[in-house]
Amino acid sequence: MSNQTDFLNRRLHSLLGVIPVGFFLLEHFYTNYHATQGADAFVEAVNFLWAIPLLPVLEIFFIFIPLMYHAFYGLYIVFRAKNNVSQFGTFRNYMFVIQRITGVITLIFIIWHVWQTRIQLLFDSTPTAHELAMDTASILSNDVTAILYGIAVISTVFHFCNGMWSFLVSWGITIGPRAQLVSTWVWIVAFVVISYFGISSILAFNDPNFAINVTALQ
Amino acid sequence: MSEQTAVVEQQKTVHLIFTRQDGPDSKPYKEEFHVPYRKNMNIISAMMEIQRNPVNSKGETVAPIQWESNCLEEVCGACSMVINGKPRQACTALVDKLQQPIRIGPMNTFPVVRDLVVNRGRMFDALKKVKAWIPVDGTHDLGPAPRQSAIEQQWRYELSKCMTCGVCLEACPNVNDNSAFIGPFAVGQVTLFNAHPTGALNKEERTDALISDGGLQQCGNSQNCVQACPKGIPLTTAIATMNREATKHMFKKWLSF
């Protein structure tokens, strides 16, 4: 019997990228999109999430650990490739390189973002959704931060969508060139739509009226 | 004037820049040659010209370029090298269709033996590893072979064109010193033998070997292999086919414990 640990690790990396990490990404964008309907709607959405029983357990076992595995195994994959787009300037080869670049950008962003919006909550003994909304609005009221968040959102969504394309190939779902081409277009559309949701949410928090409304709520 | 043009025409040369290496452990270096142009020249005939008159552009007499070649019709894969940045066979690289100076080097993914001669032994090892054959040896009568549909035959015919030339390994970003990836061609060969009605009797063994260390999972979907393959083998279709096989194989193995 040959050693198949490498195969299982790689498949686990691929699976975790979709379930739960990819699923969490979509859920996260959905919650944040409530901000476009005003501070009220966002606070309500956050309270709904915070009401989920055993939330810290879910956060650790369904988000943090899978994400860390995906990130660090991903880095190992990144540094093993010898990129050659200068020799082979094909669409898929560019996607291959951009997938790796966006993966690294996304990881750096997530560390920063989790520090700013999640770890900071731990320092507050009784955080409220209002405070969270206010903190997020004050972080994103800075235009430079908002632009960096925007770049990171596009990078993350690209990584997710192109990753979904690869996932469908790696698990043997899209096999032939035509199926893979259709999949390319489906994920291009998904990339545009999900990016729109992400950017709108950032713009909502960036809007000075959002912070005013949060204060008014309190 | 017309006489002068004729002289220039007569002296028309082909400018070649080779990446040479004297031995497996020596340092690579560049050497330029200007060889007299002939109509319909390919890279092999240009190198044969250097064999006849091994004088470089500086006028020094040097050792002629070393290379491997057999069939000269792109079916053996022996003369694979990197020509103007692309791995391909020298026999079908026509001088008229190449931009000059023509830059020629060995496929560095493989250990260089000398000049353009590389050791593609790892490809043979990979074929042995994934059991890329159909075991029908024996002295007893095995009976008639199973009937095959024409569609299956055509699919396998495409996959059977592989000549182990090494171009897909050179093109793949995941085949390098940091990785153990055996290369796209091996996946194509497993697909070929697993699709054969007799070969399918041993398909579990091949799939098992293909997903061991350095196997199928190392593919990163850059899809360079299918673009680079001189035989037009549907390598990415073969990879995705084996991905599906591997998914089924994995669950079957887990559930049968």
Theoretical gain in end-to-end length, residue B:99 to residue B:204 [0.36 nm per residue, Cα-Cα removed]: 33.0 nm
Which FRET efficiency value, to the nearest 0.05, is calculated for residue A:200 and residue A:12 with the Förster distance at 35 angstrom and r the Cβ-Cβ distance? 0.55
In square nanometres, what is one fourth of the surface area of the convex hull spanned by the alpha carbons of chain B? 19.2
What order do B:207, A:215, A:128 take when sorted by accessible area (1.4 Å probe), most exposed first? A:215, A:128, B:207
Taking a virtual spin label 7 Å from the Cα of residue A:86 along the C-beta vector, which residues in region B:74-102 bring their backbone nitrogen under 19 Å of it? B:82-88, B:99-102
Residue A:11 accessible area, assembled protein chains, probe 1.4 Å, Å²: 20
Using alpha carbon centroids, what distance separates region A:34-77 and region A:105-182, in Å? 10
Protection proxy ranking, peptides A:136-149, A:180-193, average beta carbon neighbours within 10 Å, highest first: A:136-149, A:180-193
Just to confirm the number: angle between the C-alpha axis of helix A:21-33 and the first principal axis of chain A, 0 to 90 degrees, nearest 10? 30
Measuring from the longest principal axis of the C-alpha atoms of chain B, the long axis of helix B:150-160 (C-alpha) lies at a number of degrees, nearest 10, equal to 50
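Taking region B:127-221, which chymotrypsin sites (Phe, Trp or Tyr not before Pro) meet the DSSP loop condition and have no more than 14 other C-beta atoms within 10 Å?
Sparse-neighbourhood loop chymotrypsin sites (Phe, Trp or Tyr not before Pro): B:133.
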Measuring from the longest principal axis of the C-alpha atoms of chain A, the long axis of helix A:208-217 (C-alpha) lies at a number of degrees, nearest 10, equal to 50
Need one number: nm distance between label points at residue A:216 and residue B:128, each 7 Å from Cα along Cα→Cβ, rounded to one decimal. 7.8
What FRET efficiency comes out for residue A:61 versus residue B:27 if R0 is 56 angstrom and r is the Cβ-Cβ distance? Round to the nearest 0.05. 0.55
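Please average, across the residues of B:161-169, the number of beta carbons from any other chain that are within 10 Å of each residue's own beta carbon, and give a whole number.
Average per residue, whole number: 0.
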List the aspartates and glutamates whose Cα lies under 15 Å from the Cα of residue A:82, skipping any in the same chain that are fewer than 8 positions away. B:170, B:177
Modelled FRET efficiency - R0 30 Å, residue A:125 with residue A:147, Cβ distances, 0.05 increments: 0.35
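For chain B, give the magnitude of the charge dipole about the Cα centre (Cβ charges: +1 Lys/Arg, -1 Asp/Glu; no others), in debye to the nearest 20.
460
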Any cysteines in chain B with zero other Cys Cβ atoms under 4.7 Å from their Cβ? List them, or say none. B:79, B:91, B:162, B:165, B:172, B:219, B:229
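The values are calculated or read from the model by the stated rules, or taken from the named source; none is laboratory data. Note that the structure is predicted; figures quoted are calculated from it, not measured. Every residue, glycine among them, receives a Cβ derived from its backbone with ideal geometry; neighbour counts consider all protein chains shown. To get the accessible areas, we keep the full protein, side chains included, count just its heavy atoms, and leave off ligands, DNA and RNA. Shrake-Rupley method; radii C 1.70, N 1.55, O 1.52, S 1.80 Å.
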